[in-house]
Structures are given as C-alpha cells and as structure tokens.
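What follows is a single structure, written as structure tokens, with notes after it.
The values are calculated or read from the model by the stated rules, or taken from the named source; none is laboratory data. Remember, it's a predicted structure, so these values are computed and weren't measured experimentally. Here Cβ is always computed from backbone atoms with ideal geometry, including for glycine, and neighbour counts include all displayed protein chains.
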Amino acid sequence: MRILVIDDDVTLLWSLCSTLRRWGSEVDAATGARAGVRMLSNRSYDMILLDYRMPDHDGVWFLHNAIIPKETGVILMSGYVDPRALSELRDLGVGDILEKPFSEAELQDRLHKESVESTWRQHAERKQTGKEQVRREKVHAAHVDDTNGRSHHFGAAAPHAA
C-alpha cells in the first residue's frame with residue numbers, strides 16, 4: 001500500500017512512517033498541507049493520513065486544494081474535530097477520523113477498514129459505469145435499426161427521397 005502521511009508534528013510523522021514501513025507500506029511524508037498538495041500532484045497514493053490542524057493550512061484547506069483520486073482513501077487524524085465540521089469533511093472525501101492519541105492497533109484497524117471501503121467504492125463505481133455502458137449500447141442498438149431493419153449511420157447525411 002502506498003501511503004502519504006501529512007502532519008506538522010515531526011515526531012509523530014517519523015513514528016507513523018516508521019510503523020507503516022515496518023508493516024510493508026511504501027510511505028511518503030509531508031510536514032504541512034501545502035507540501036502534501038505538491039506531493040499528491042506528482043504521485044498517486046492508496047491512502048492519505050491527514051492531520052486536521054497544522055500551522056500552514058489545515059486539513060480542510062488540503063482537501064479543497066488537492067486533487068485526490070476517488071480510489072484514494074483519506075483518514076483524518078486529530079485531537080479534536082468540531083462535530084459540525086464532520087459532514088463537510090465527509091463530503092470532501094474523508095472516509096474515517098482517527099482521534100489522537102491512537103494506538104498501532106487502532107491505526108491498523110482504520111487503515112484496513114478504509115482500504116476495504118475504498119475497494120468497495122471502486123467496485124461499485126466500475127459496476128455502475130459498466131451498467132451505464134450497457135444501457136448506452138442498448139439505446140444505441142435500438143436507434144440504429146429503423147422499422148425496416150436497415151442500419152443508419154449517425155452523423156452522415158440522411159438519404160434523399162427521389
């Protein structure tokens with residue numbers, strides 16, 4: 001799993017990266033939201049661990065300014081999240097919130113949970129895209145043949161009656 005960790009607390013950042021690498025993940029670290037946006041623009045990640053409060057910009061700023069692929073899971077890490085902000089955070093793509101301080105077991109559990117949910121979202125999206133494609137093909141096929149069974153070429157001029 002490729003993970004981007006964004007946190008201004010260098011000690012926590014180092015500890016998280018060390019733990020995640022020990023678990024077999026490929027990990028990149030950013031010490032602020034702006035650096036995280038730059039890193040995300042150059043590379044894709046399976047998961048983002050994002051601190052909520054940072055001195056340069058907060059996690060919400062990151063979510064508004066980063067281009068995060070739908071298949072990338074986002075876990076927000078924070079000691080305190082305003083309950084009124086939770087719905088906005090979910091709308092911006094946060095899948096889960098991990099309250100600081102947290103244990104390695106909690107981190108592992110949340111990563112697993114978010115990874116599974118991300119996989120299900122991707123599967124559902126592919127399935128929906130497939131259904132839409134089948135619908136388009138059926139509609140196209142229904143409109144291609146006229147009542148006499150003759151094929152029409154859309155975009156070409158209609159034949160003139162003599």
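For the stretch 66-84, how many residues meet the condition of being more than 13 Å from the chain's Cα centre (by Cα), outside any strand (DSSP E or B) and crowded, with 16+ Cβ neighbours inside 10 Å?
The qualifying residues number 1.
Within the stretch 6-60, can you find the residues that are exposed (fewer than 14 other Cβ atoms within 10 Å of the Cβ), touching a Lys or Arg at 6+ places or on another chain (Cβ under 7 Å) and not in a loop (DSSP other than H, G, I, E, B)?
Selection gives Glu26 alone.
Is it the case, given these coordinates, that Leu63 is within 26 Å of Asp91 (Cβ to Cβ), in a strand (DSSP E or B) and under 16 Å from the mean Cα position of the chain (by Cα)?
On the way: within 26 Å of Asp91 (Cβ to Cβ): yes; in a strand (DSSP E or B): no; under 16 Å from the mean Cα position of the chain (by Cα): yes.
Against the criterion (within 26 Å of Asp91 (Cβ to Cβ), in a strand (DSSP E or B) and under 16 Å from the mean Cα position of the chain (by Cα)), Leu63 does not qualify.
So, in the stretch 85-127, exactly how many residues are surrounded by 13 or more Cβ atoms within 10 Å (Cβ to Cβ), aliphatic (A, V, I, L, M) and at pLDDT 85 or above?
The number of residues fulfilling the criteria is 7.
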